[in-house]
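J.: Before I ask anything, here is the structure I am working with.
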Amino acid sequence: MKSSLITLAFFLSGCLLGVCYMVDFDVHSASVYVLYVLMLLLGINLGSNANLKNYIRSLNLKTLLVPLATVGGTLLFSAIGGFILSRWTSFECMAVGSGFAYYSLSSILITEIKSASIGVQLATELGTIALLANIFREMTALIGAPLFRKYFGELAPISAAGIGSSDVSLAAIARCSGQDAIPVAIVHGILINISMPFFVSMFCRM
């Protein structure tokens, strides 16, 4: 819980600095390099583990059930959102949910594809909703990982993270669910990443 509060504190501090001060360098590029360093350290940690072969052998068809559960649960609750929000259809809500925390690409895809059917203004609004919803999902996965692990099991942080399970949220998953969860988290993130453009495009055209 302490680490989650520290993560939240850094995030809020970054938001405050972004509002109060003009940043004269490409923050996105800097964050990508920080992510590369994080992945390198995680790779070193995993590679130096004596149980690496056991991790690889543990991957089987059951591993596919985790991304299937993530996709199924996300789409189900996104569809329910369409019945609650009269402004948007269930398919549009499912397109938003299909971002699976990939906020940058999913918001662009939704805006571009939906512009032809609902107009640029509404498409931009839906793309903005996708951006904010998927950012919120990623932050919730980072901050709430200990709670997900405590109340829903060791695979819950992986599912909650969506695409982020193989990169941004991997450190939090390893810390909360243990080293055994790392291979599952990486496979989960890769499979969700591959499926995301397909689901977003499909639901935007329905």
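J.: Give me the distance in nm between label points sitting 7 Å out from Cα along the Cα-to-Cβ direction at ARG175 and LEU122, one decimal.
T.: 4.3 nm
J.: Shifting gears a bit: Under a Cβ-Cβ cut-off of 10 Å, what is the net charge of the residues other than VAL184 that fall near it, where Lys and Arg count +1 and Asp and Glu count -1? Could the numbers behind the result be given before it?
T.: Details: positive: LYS62; negative: GLU154, ASP180.
Within the 10 Å Cβ shell, the charges total -1.
Values in this text are rule-based calculations from the coordinates and carry no lab data. In this text, all values refer to a predicted model and were calculated from it rather than measured experimentally. Neighbour counts run over all protein chains shown; Cβ positions are idealised from the backbone, glycine included.
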